[in-house]
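Notes for the one structure printed next.
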Amino acid sequence: MQKFLLFLSFILVADATPVGPYVGSISTTEAHFLFSPGQIKKELRLTVLSQDGKVVAKADSDSLKVHDFVAKFHVSGLKDATDYQYRIDELTTGGKVLALSLGEDLRFKTVDASRLTKVNAVMLSCVKKKDTAPVWGEINKLNPDILCLSGDTPYIDTTNLISVRQKHRAFLNEKPLAEIGTHTSVVGTWDDHDFGKNNGNGASLGKGAKATRQGFVEYRAHANFGQGDGGVYHKSDLGALEIFHLDPRTFSQLGPSPVDPAQTTCFGKTQWEWILTSLKKSQAPFKVLSMGAIWQDKKNGETDDMFTYWYERDALLDFIKREKIEGVILHGGDIHVSRYLKHPQRLGYDLHDFIVSPGHLSVIPSLNVYHPSLEWSLLQGQQFMTLEVDPTLDDPTLTATFRQPGGKANHQVIIKHSELVPAKEERSHRAYWNFDNDFSNRSILGSRINGTPHHGAAISKSKGVRGGALKLSRAKEQFVNIPRSFLDDNSAGHSISCWVRPTNLPAHGEKARHFILESTAEGEPDNRGAYHLSLELSPAQKESEIELRLHTFTLAPAPKQQAPPSAKAHGPFRTNHPRKLIEGKWSHLVVVFNSKSLEVYLNGVSVGVHELSEPGPAAEFGGLIIGGHRSGKGRNFEGLIDELSVWQSTLSPFEVTKLYGGGKPSKIGKHP
């Protein structure tokens, strides 16, 4: 238990309750601290002591009214991976030193420069005094190296500087949190409520951001707050783990995006360049991109998620993939439900995405929404997460554990560093159902996207274009369901290839439609529009022809400032072909999507380029129906489907020709 020597002078001064001391940013040779003696000016000195009591560093600071009487201390010249003690004294006018705070819990440890020491970080967001008290106690028992306050810590919801300061003081003076702060690095970023407004952004908060930032800066002992641009972003390099505390609020909606000038920014130009440069320079085996908001769509019409700024999110992830940066994971908070998502092969390796919220008891069930990459979720309060890195192993690990008070561990994910290293070869081949023996996927995504047959859909083991094939009866409404998506969120470019042998085409003059495939909204048959992938055979105007028809959903930019993007339907796109060349014969179909058009190939030849009325990447979808409509009811295909593949890349005409193989398809591997 910490021991403070608090003198009578504090009691005699109105509003003289001290704040801290708090340990802030720590590096291999430096440390930052804050302390307020109360609403009073004092000349203060922080002294760093070795374990045997020798003075190794000093830093003087005044608690001035202009900074709400908060003094900041910065010491340097320390040794890495070393335990230290510290004390804070008042320098009196007579030259005497008056002890203000000292004790066994006033301690800290510098970062190991070799990056070979175990690290334990705690991530937490959305806190309230009474609700979160047990959480602080649990965190203190774990004795982490760093506590990351990741937004709505605390709830401010005002731009009145007096109130902003009062709420920060009250928050840091919560006893169980204050006990942690004496010996653990306490840092972080903000989200909407500590930024000053629910769902707030740079445009909606306006000039009020100056006051909320001032209060935030005064009551955080960070090494940096942005790059002199008004932001609060910074990073914590803990050796084996580096945490990038991003600021998605300050610059949002205030100017053009650095990746697409036609759309508004989230991070702003300076922060954007800082993120890219810092990531590329990072030497930590594990790197966390952390912020208060979430990286995916909240699906509630609000604009404070990275789905709103999908172009910056995806440009950042593409940069990491292109530069082959290892060890990156995502972290967010805000939504009052904890979730774990795994985006397959997004970075040339799987991208792990952790959402940790809330630290209080209030949950929001409506935000526990479907996502094709969702692996786990928990709709309970008083949640926090530990990130434990062990670099001493031959293959270092990061262990993420969702926790609650009482020593409760709700879910754990262990990630080996080797699993966060880009493959030497391209892994664009995302899905492959050869239907030789079963409905299993043969691509790198494995059983995640195995198919499930419905209404007796079966494998014909000898009638495929090569080996077996999927055999479907329209009368029995047979189809195969793929339960999850296999493309990147809002994919900007991909290709789908399949062989089809329809034994019965829709008759001329009828309204019948035979779907080869169509994507679903949430992984199960459903009539909701999510048909980014949609391919069908329908009657043409000429009796001798059949129509190959496509539909697609793409992501449309926000129609106005401070509005979310939306899905836009395109099509139907039609090409007509002689029935006698399609019915009862094997045909090879390829559709290539590049965010500007859909190009269709039939038997190795391009038969149509369909321009999108408004360019955009794919809208989200959840799964796939093979051989039927997305609803799973009616409009089924009659015949055989074989060698169905999807690539997270745009196939070239040469690659399409090679796939066709003159009617004798070559074996599909990782590349066509």
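The values are calculated or read from the model by the stated rules, or taken from the named source; none is laboratory data. Just so it is clear, the structure is predicted and the values come from calculations on it, not from any experiment. Note: ideal-geometry Cβ built from the backbone for every residue, glycine included; neighbour counts use all protein chains shown. What goes into the accessible areas is simple: the full protein's heavy atoms, side chains included, and nothing from ligands, DNA or RNA. Shrake-Rupley method; radii C 1.70, N 1.55, O 1.52, S 1.80 Å.
Here are the numbers for the structure shown:
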item	result
Calculated FRET value between Glu614 and Thr650, using beta carbons and R₀ = 22 Å, to 0.05	0.70
Volume per residue that the Cα convex hull of the chain spans, once the total is divided by residue count, Å³	150 Å³
10 Å binning of all Cα-Cα separations within segment 322-448, expressed as whole percents from 0 upward	12, 35, 31, 18, 4, 0
Chain lengthening between Thr92 and Ser597 when straightened (0.36 nm per residue, less Cα-Cα)	174.3 nm
Span from the segment 308-326 Cα centroid across to the segment 504-531 one, whole angstrom	34 Å
Calculated P(r) of segment 73-156 - Cα pairs past 22 Å, %	50 percent
For Thr184, net neighbour charge (Lys/Arg +1, Asp/Glu -1) across residues whose Cβ lies under 11 Å away	-1
Percent antiparallel among DSSP beta bridges (both partners in the chain, rounded to 5)	85 percent
Segment Ala113-Glu375, length gained on full extension (0.36 nm per residue, minus Cα span)	90.8 nm
At q = 0.09, 0.15, 0.17, 0.21 Å⁻¹, base-10 log of I(q)/I(0) for segment 122-231 (Debye sum, equal scatterers on each alpha carbon)	-0.22, -0.61, -0.78, -1.15
Value of relative contact order over the chain, rounded to a whole percent, pairs C-alpha under 8 Å and six or more apart	10 percent
Within-12-Å neighbourhood charge of Val259 [Cβ basis; K, R +1; D, E -1]	-3
Relative contact order, percent, segment 169-322 [alpha-carbon distance under 8 Å, six or more residues apart]	20 percent
Peptide ranges 371-382, 185-196, 600-611 listed from the most packed, as the mean C-beta count within 10 angstrom indicates	185-196, 371-382, 600-611
Sequence of Leu64, Leu644, Leu276 from largest to smallest accessible area, 1.4 Å probe	Leu64, Leu276, Leu644
Burial order of peptide ranges 432-438, 149-155, 496-502 (average beta-carbon count within 10 Å, highest first)	149-155, 496-502, 432-438
Exposure ranking of Asp62, Asp68 by accessible area [1.4 Å probe, largest first]	Asp62, Asp68
Prolate/oblate/rounded label for segment 528-672 (Cα gyration tensor, a/c 1.5)	prolate
Accessible surface of segment 366-525, 1.4 Å probe, proportion on carbon and sulfur as whole %	45 percent
Theoretical ellipticity at 222 nm over the chain - DSSP helices of four or more residues, -39500 (n - 2.57) apiece, nearest 500	-4000 deg cm²/dmol
Probe 1.4 Å, accessible area per residue of the chain, Å²	38 Å²
Estimated translational D of segment 199-272 in µm²/s (Stokes, Kirkwood radius over Cα pairs; 20 °C; 1.002 mPa s)	163 µm²/s
Largest to smallest principal axis extent of the C-alpha atoms in segment 316-363, angstrom	41, 16, 14
Rg followed by Dmax, in Å, when segment 422-467 is reduced to its Cα trace	12.9, 42
Lys58 - accessible surface, heavy atoms, 1.4 Å probe, Å² rounded to 10	120 Å²
14 Å beta-carbon shell around Glu536, net charge (K/R +1, D/E -1)	+3
Virtual paramagnetic centre 7 Å along Cα→Cβ of Ile364, amide N under 16 Å, in segment 113-135	125-128
Average projected area [Cα convex hull, segment 517-560], square nanometres	4.7 nm²
Spin-label pair Asn576/Arg528, simplified geometry with 7 Å Cα→Cβ offset, distance in nm	3.8 nm
